[in-house]
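Below is one structure, written out as structure tokens; comments come after it.
The values are calculated or read from the model by the stated rules, or taken from the named source; none is laboratory data. Only a predicted model underlies this, so the values are computations on that prediction, with no experimental measurement involved. As a convention, Cβ positions derive from the backbone with ideal geometry for all residues, glycine included, and neighbour counts pool all protein chains shown. All accessible areas refer to the heavy atoms of the entire protein, side chains included, with ligands and DNA or RNA removed. Shrake-Rupley method; radii C 1.70, N 1.55, O 1.52, S 1.80 Å.
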Amino acid sequence: MYTPFEIKKDIFYVGVNDRTKYQFENHFLLPKGVAYNSYILKDEKTVLFDTVDISYSDVFLHKIKSVLGDKPIDYLVINHMEPDHSGAIEWLVSKFPDIKIVGNSRTEDMLKGFYGITDNVIVIKDKEELSIGEKTLRFYLTPMVHWPETMITYVPELHAIFSGDAFGAFGALNGGILDTQIDPERYHGEMIRYYASVVGKYGSPVQKALEKLSEIEIEAICSTHGPVWVNRKNIENVLALYDKLSKYEADEGLVIAYGSMYGNTEQLAEIIADSAARHGVKDIVMHNVSKSSESHILRDIFKYKGLIVGSPTYNSKLYPGVESLLSALENRQMKNRIFGYFSVYAWANGAKKELKAFSEKMDFELIGEPFDMKQSLNPEAIEKAWELGRLMAERLLSEKAVYIDN
Ligand code: FEO
């Protein structure tokens with residue numbers, strides 16, 4: 001039925017595409033779908049790396065059979081236990097009852113808790129190796145990239161890593177699986193959005209994982225989502241992007257995220273954007289928090305150095321979408337941003353107080369004087385909005401000047 005696809009010598013792709021699910025983790029929008037990648041490595045022993053969402057178990061089995069025929073799978077390596085990858089484990093064990101499941105002590109705990117599996121589990125430690133014939137599996141524990149049990153499996157003879165969520169991207173695979181079959185640029189934004197949404201809280205664990213990976217030669221990155229990276233330049237770019245994102249470094253550019261019920265807050269956001277543009281900022285992204293999805297806003301905040309947030313007062317507090325966004329930023333311990341804010345109110349300004357508290361809590365550089373506006377546009381608010389845009393532009397462009405001077 002399926003024609004097996006060998007992505008590299010003895011490594012076969014058996015993942016599936018999900019173009020049905022509306023939201024990943026029932027939270028992050030999936031306008032381009034998502035792939036659950038799984039791989040078979042052939043040797044004297046046969047290894048399957050991770051499984052797929054349980055909804056796709058039939059397709060998954062057909063793909064496995066297309067590679068193995070009636071041969072069994074000897075090992076299932078679980079690099080990550082989140083159910084988008086572990087969902088089919090219990091079912092897989094029913095099809096291959098002799099399969100040995102390989103994971104670490106945290107995996108063992110989750111296998112028991114999620115699926116009641118305790119038999120045939122091999123528990124490995126950091127950098128432990130398992131021979132499967134001519135090839136070897138070496139396990140690098142990478143806790144909190146994205147869960148505590150996450151690990152990366154390296155096959156030194158092929159210089160291939162099976163990396164779990166790390167280096168993954170949203171977006172189903174539309175025919176092409178390898179980066180060399182597609183325009184990788186198509187997945188760039190979706191890789192940042194996946195990082196910002198799913199992994200973004202864990203900058204420090206990602207740095208530790210990158211340090212471990214720096215010891216090894218990598219010629220293939222087989223993540224559980226998105227394309228397989230085999231082109232040397234693309235691999236360098238993917239590793240560099242993860243390094244940059246996990247250090248909270250960003251490009252010159254500005255995100256203006258605002259809530260607005262009747263357009264008054266939005267008009268101030270427009271004036272700020274106009275001013276920033278006329279003072280030289282080329283990359284400006286405006287997000288109406290009621291229209292843009294949270295993961296798209298987070299993607300751009302991870303991407304750009306400048307951030308301005310505006311909120312009307314709503315029930316004496318922040319506007320709900322703004323409150324949710326600020327909570328997501330705090331959760332991800334977002335840092336290293338140039339930050340400005342403003343608020344709007346009709347009779348009492350609760351938003352101002354909460355924006356101030358957020359600003360003081362975060363490791364941000366405050367730019368300009370936070371300002372507020374009562375009811376609707378007035379000359380003083382317009383002037384302050386223009387000035388905030390100007391100051392932000394000046395600051396962002398000064399970063400560039402420092403960079404060039406160096
Ligand atoms: Fe793709 Fe953390 O799951």
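Near D372, the amide H atoms lying under 5 Å from its own belong to S343; only residues 5 or more places off or on other chains count, and H is placed 1.01 Å from N. Overall, the accessible surface of segment 251-396 at a probe of 1.4 angstrom is composed of carbon and sulfur to the extent of 46 percent.
Of the residues P370, A348, L48, the one whose Cα sits farthest toward the positive end of the charge dipole of the chain, with +1 on the Cβ of Lys and Arg and -1 on the Cβ of Asp and Glu, is A348. Temperature 4 °C, viscosity 1.567 mPa s: under these conditions the Stokes-Einstein estimate for segment 251-396, based on its Kirkwood radius over C-alpha pairs, is 88 µm² per second. Taking the DSSP beta bridges with both ends in segment 5-246, the antiparallel portion is around 65 percent.
Take every pair of alpha-carbon atoms less than 8 Å apart whose residues are at least six positions apart; their mean separation over the length of segment 251-396 yields a relative contact order of 31 percent. Packing-based ranking of 336-342, 71-77 yields 336-342, 71-77, ordered from highest to lowest mean Cβ neighbour count within 10 Å. Shape analysis of the chain places it in the prolate category; the axes a ≥ b ≥ c from the Cα gyration tensor give an a/c of at least 1.5, with a/b above b/c. Among the listed pairs K21/K305; K32/K303; K100/K233; K201/K361, those with a Cα-Cα distance over 24 Å are K21/K305; K100/K233.
Rounded to the nearest 20, the Cβ-based charge dipole of segment 48-122 about its Cα centre (Lys and Arg +1, Asp and Glu -1) stands at 180 debye.
Considering Cα pairs under 8 angstrom that are at least six residues apart, work out the relative contact order of the chain and quote it in whole percent.
Answer for the chain is 12 percent.
Under a 1.4 Å probe, what is the accessible area of the chain per residue, stated in Å²?
Values: 17560 Å² over 406 residues.
Result: 43 Å² per residue.
Site pair K291 and S204 shows an inter-label distance of 3.9 nm when each label is modelled 7 Å from Cα along Cα→Cβ.
The accessible area of W91, taken with all protein chains in place and a 1.4 Å probe, comes to roughly 50 Å².
Counted over the chain, the DSSP beta bridges are approximately 40% antiparallel.
For the chain, which DSSP H helices look membrane-span-like by this rule: Cα extent along the axis of 27 Å or more and mean Kyte-Doolittle of at least -0.5? What comes out of the filter, once short or polar helices are dropped, is 379-405.
A DSSP coil position with no more than 13 other Cβ atoms inside 10 Å describes the following trypsin sites (Lys or Arg not before Pro) in segment 201-286: K282.
Built from the Cα atoms of segment 291-369, the convex hull projects on average onto 5.1 nm², one quarter of its surface area. For a test of the definition: using alpha carbon positions, the gyration tensor, and the 1.5 limit on a/c, classify segment 5-246 as rounded, prolate or oblate. Rounded, since a/c falls under 1.5.
About the Cα centre of segment 5-246, how large is the charge dipole given +1 on each Lys and Arg Cβ and -1 on each Asp and Glu Cβ? Please answer in debye to the nearest 20.
On the way: 26 positive and 35 negative charges, 73 e Å.
It comes to approximately 360 debye.
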